[in-house]
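Enquirer: Quick one: the structure is below, and I'll ask about it shortly.
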Amino acid sequence: MRILSGCFFAVLLVCACTISHAQTASSALVGKVYSDKGLVDEATVVLLHYPDSSVVKSTLSNKSGIFLFSNISGGKYLIFITKLNYIKSYSGPYAVEEGKSRDIGFISVKQSPTQLNEVVIAGRKDFVEVKKDKSVLNVEQNITAAGASLYDILNTSPGVKIVNDEVLYHGGQKALIAINGKPVLLSGDELTNFLKNYQGSSISQIELIDNAGAKYGSTGSGGMINVILKEKKSLGSNVSFTESAAYGDKYKFNSGINYNLRTEKLNLFASYNYSNNSIPHTIKTNRYVDNSLGYNYFSLNYDADVKTSNHNFGVGADYDITSRQTIGFLVNGFYNDANIDKRNTTYVYTNSLPDSSIKSSSLINRNLYNLNYNLNYKIDLDKEGKSVLSADADYSDYHRKSQEDLQNDFFNAAGQNENDPVFYSDNSPSHITIKSANIDFSQQIAKGARLNFGWKSSQVNSDNQIVFSQLRNDSAINIPQLTDHFVYTERVDAGYLEFEGKFNKTNITASLRGERTHFAAESVNPSRHADSSYFSLFPNVQIGQQVDKNNLLTLSYSRTIGRPNYQDLNPFVSYVDEFYSSTGNPFLRPDFINTYRLSDFIADKYRISLSTIITNNYYQTIFDQYPTGQYITTKANLGTRYQYMIEFSLPFDLTSWWHVDAQIDASHERYVYKLYNAPDKSTNNANINVTQNFKISSKLSAQLINEYQSPTYYVISQYQYLAWTNVGLRYTILNNKGAIRLAVSDVFNSYFNKYTTTFNGLDIFSRDKVGSRFVTATFTYHFGSTPARTKTKTTEEQKRLNGSAEN
């Protein structure tokens, strides 16, 4: 709490100084421009003397609809607002006291009736919008994502992959996940559960950002994936309901509600979603072992039904204390009840002859709940917005309770029972808390130039236990070698300095972030201890050059870090049967990534990028086995990974009703192994994602998504190609307030991984398939209200400027 207290004490101190200084400042008048469509930027706002309507000064509203007139004298004023395709608006008079500022709140403007059709066409949003430094996915336009979780949406997003529950972007690098620009503090299994329990019905957009910059931390070598929640832009309130049901590989059900309220000072938003899913998971693995006893062959068939019931909620608010100060909070979380029914059979052959088999069945009852809190504050320290101070405090509390009952049955070569069944039970609770606080300051130092700097501190505590027992004669006998208590703590203190400048046609952003990390890992059985501190610098440079009106070149370099997930360090043994288990590695070290990128943004529409990515101390999941046939998976630092990539983002219209978004990337990769002194390995791969949207009529639209991933070598395994297809239809009803969607995911049931591993004596073939083919029907309905516009009086003095208000 000292971090949080110090953070907000500093903010309040600056606010006090600001308020004190304001007492001697000149007068000012501030307000916001809005319409039925939301806040209006780049509107011309003119300040007029009352009553003679003489012009005092003019300005433009900014992207938040705000306009400001500073350094004015006390008196009475009128406001005149004009913008192309909008009816001219007059309001006032407004009395301003000498030496004081006045916030007149919102002033509404109305679209010109003769321009409404043009506005609708220009405002069309495609599913994918390509920007100079990011791609924006408009989730509402993704018909096939109806009823899907955030995990499902990311898994089918162009350029994004999820491998071993890691969200990867830009060449298979881990991406930083953020909600409304605030990084999610979870990782690994905890992050995966968070994404699976976050429903897409509450999401407005997903930003795939190439280089987020120093402010957002040193992680995220694969860029940042920023999830933007739905929020009402105009005044009033709205409610939306979503109901969806899916059937195919088992079933899915989802029900959700979203509420938004915006007044002149308050923005309130809340959501609740319930989902109930049953999804199958099958794995087929063939493994060959050549040892002194002969040639062994192990055939593993894994079959599981994963049933989950989830409650997800979020509530937050932003309140404008004054026209220059905003305070906000956000609370979100989920409660998940999971039942996993696993059936596992391992057949053993010796010298090609049947030897024996083991059948393992287990039932896992798992409860997860997570609460995340955020408190934020922002203030413009001067009237022109040249100095901005912001602060955030975050707290995350994650609990897992897991109870597994497991039975092993043994059979001889003839398939007859051999020996008595063995019964095991394990209880593995986990508790993770994460605290963080940060302060950021931005100062305009010259026209077109800003200096930004900030500080952040975070503290992670992860407490994990496992009690493994064998059941004999109705008694539980503890198995010491499988029982453990693991505690991990981590403290990261960071500061950054960033310069942003625009010089003619050149944009420069240069930053340096320094981080000191201290961690301690303690395992009771076996007794292991790891304790270390290190300091690292992370430079980040971006240079943009407007070559001509159709080409914007951007050259960038960044150094980032990939820290192991908390559970990757956990040495607990996850037991399947006598031949297969998995464990963490408490001595795993972070990797460091250097990324060089050159991109060309063409005609404000297309983007082409060339990248070189070098990952030192690269770590990933590997397989290890013993001569007796025991097989274990863990994480290890492998060596250095080199990647050379080219990426194309190509949106285009084939006709007025047929829009296509193509995302293409190709790369050459090389692995230089230090582990086991294995020989180097090189590979080539390509990925193509094509999204086609069809506007069949004013109410009916369709979508077709195809993705192809070429065969490739990844970490230590050779993967076969992967291809899948999603299709969907949407029909709007109830005066466009409702919509019915019908979508089919993975039409040809082809979404699964097949790979072979021949590394350090391993000889393995695997096929891993999670249920992915579903037919989903979704109904959405939204309604809301917009407050009546403030009535304004048109005086003779106002008419003298440009005639009547209707001209």
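Enquirer: Estimate the FRET efficiency between Val541 and Lys100 by the formula 1/(1 + (r/R0)^6), using the beta-carbon distance for r and 41 Å for R0, to the nearest 0.05.
Expert: 0.40
Enquirer: While we're looking at this one, here's another question. Starting from the Cα-Cα distance between His399 and Phe779, subtract it from 0.36 nm times their residue separation and give me the gain in nm to one decimal.
Expert: Extending this stretch completely gives an extra 133.5 nm.
Enquirer: Further question on the same structure: Please list, in chain and number order, the residues 5+ apart from Gly181 or on another chain whose amide H is under 5 Å from its amide H, with Hs placed from the backbone.
Expert: Amide H neighbours of Gly181: Val227.
Enquirer: What list of ³J(HN,Hα) couplings, whole Hz, do you get for the range 763-775 from phi and the Karplus terms 6.51, -1.76, 1.60, once you set θ to phi - 60° and write x for glycine and proline?
Expert: Going residue by residue, I get 9, 9, 10, 9, 10, 10, 10, 9, x, 9, 9, 9, 9 Hz, with x marking Gly and Pro.
Enquirer: With runs of 4+ DSSP H residues as the only contributors, calculate the mean residue ellipticity of the chain at 222 nm using -39,500 (n - 2.57) per run, divided by the residue total and rounded to the nearest 500.
Expert: -2000 deg cm²/dmol
Enquirer: What accessible area per residue, rounded to a whole number of Å², is obtained for the range 681-786 using a probe radius of 1.4 Å?
Expert: So the range 681-786 comes to 47 Å² accessible per residue, rounded to a whole number.
Enquirer: Would you mind computing, in nm to one decimal, how far apart the modelled labels at Arg528 and Thr756 are, each placed 7 Å from Cα along Cα→Cβ?
Expert: Placing both labels 7 Å along Cα→Cβ, they lie 3.3 nm apart.
Enquirer: Using θ = phi - 60° and the Karplus form 6.51 cos²θ - 1.76 cosθ + 1.60, what ³J(HN,Hα) does each residue of the range 513-520 get, whole Hz, x for Gly and Pro?
Expert: Once rounded to whole Hz, the list reads 10, x, 9, 10, 10, 10, 9, 9.
Enquirer: Which FRET efficiency, nearest 0.05, do Asp600 and Phe503 yield, Cβ-Cβ r, R0 30 Å?
Expert: Here the calculated transfer efficiency is 0.90.
Enquirer: Given R₀ = 60 Å, FRET efficiency for Ser390-Asp355 by Cβ-Cβ distance, to 0.05?
Expert: Efficiency computed from Cβ-Cβ geometry: 0.35.
Enquirer: Which percent of the accessible area of the chain is formed by carbon and sulfur heavy atoms (probe 1.4 angstrom)?
Expert: 55
Enquirer: Could you rank Leu229, Leu497 by how accessible they are, 1.4 Å probe, largest area first?
Expert: Leu497, Leu229
Enquirer: Testing the spin-label approximation: label points 7 Å from Cα along Cα→Cβ at Ser425 and Tyr274. State their distance in nm.
Expert: 3.2
Enquirer: Let me ask another. Can you run phi through the Karplus equation (6.51, -1.76, 1.60; θ = phi - 60°) for the range 69-79 and list ³J(HN,Hα) in whole Hz, with x for Gly and Pro?
Expert: Those phi angles translate into 10, 10, 6, 10, 8, x, x, 10, 9, 10, 10 Hz.
Enquirer: Considering amide H positions built from the backbone, and no H for Pro or chain starts, which residues 5 or more places from Asn525, or on another chain, come under 5 Å of its amide H?
Expert: His485
Enquirer: Could you point to the label whose value was computed as Cα extents along the principal axes in Å for the structure here, given (1) 104, 58, 56; (2) 158, 85, 49; (3) 97, 64, 52?
Expert: Computed from these coordinates, Cα extents along the principal axes in Å corresponds to label (1).
Enquirer: Keeping every protein chain present and rolling a 1.4 Å probe, give me the accessible area per residue for the range 28-159 in Å².
Expert: Accessible area per residue, the range 28-159: 44 Å².
Enquirer: Further question: Report, in degrees rounded to the nearest 10, the 0 to 90 angle that the Cα long axis of helix 2-22 makes with the longest principal axis of the chain.
Expert: The helix 2-22 is inclined about 10 degrees to the chain.
Enquirer: Going highest first, how would you order 371-384, 465-478, 93-106 by mean Cβ packing within 10 Å?
Expert: 371-384, 93-106, 465-478
Enquirer: Just subtract the alpha-carbon distance of Tyr247 and Ile733 from 0.36 nm times their residue separation and send over the number in nm, one decimal.
Expert: Gain on extension, Tyr247 to Ile733, equals 172.6 nm.
Enquirer: I've got another one for you. Taking only protein heavy atoms into account and a 1.4 Å probe, give the accessible area per residue of the range 317-420 in Å².
Expert: For the range 317-420, the per-residue accessible area is 46 Å².
Enquirer: Would you grab the residues whose amide H sits under 5 Å from the one on Gly172? Only those 5+ places off in sequence or on another chain, please, with H modelled 1.01 Å from N.
Expert: none
Enquirer: Tell me, what is the percent relative contact order of the range 496-546, built from C-alpha pairs under 8 Å that lie six or more residues apart?
Expert: It rounds to 39 percent for the range 496-546.
Enquirer: Excluding ligands and nucleic acids, what accessible area in Å² is computed for Trp658 using a 1.4 Å probe, to the nearest 10?
Expert: We get 70 Å² for Trp658.
Enquirer: For labels at Asp493 and Phe694 in the simple 7 Å Cα→Cβ model, what's the distance in nm?
Expert: 6.1
Enquirer: Right, something else. Are there chymotrypsin sites (Phe, Trp or Tyr not before Pro) in the range 241-274 that DSSP puts in a loop and that have at most 12 other Cβ atoms within 10 Å, and which ones?
Expert: Of the chymotrypsin sites (Phe, Trp or Tyr not before Pro), not one in the loops of the range 241-274 has a Cβ with at most 12 other Cβ atoms within 10 Å.
The values are calculated or read from the model by the stated rules, or taken from the named source; none is laboratory data. All values derive from a computational prediction rather than experimental measurement. Cβ: placed from backbone, ideal geometry, glycine included. Neighbour counts: every protein chain shown. To get the accessible areas, we keep the full protein, side chains included, count just its heavy atoms, and leave off ligands, DNA and RNA. Shrake-Rupley method; radii C 1.70, N 1.55, O 1.52, S 1.80 Å.
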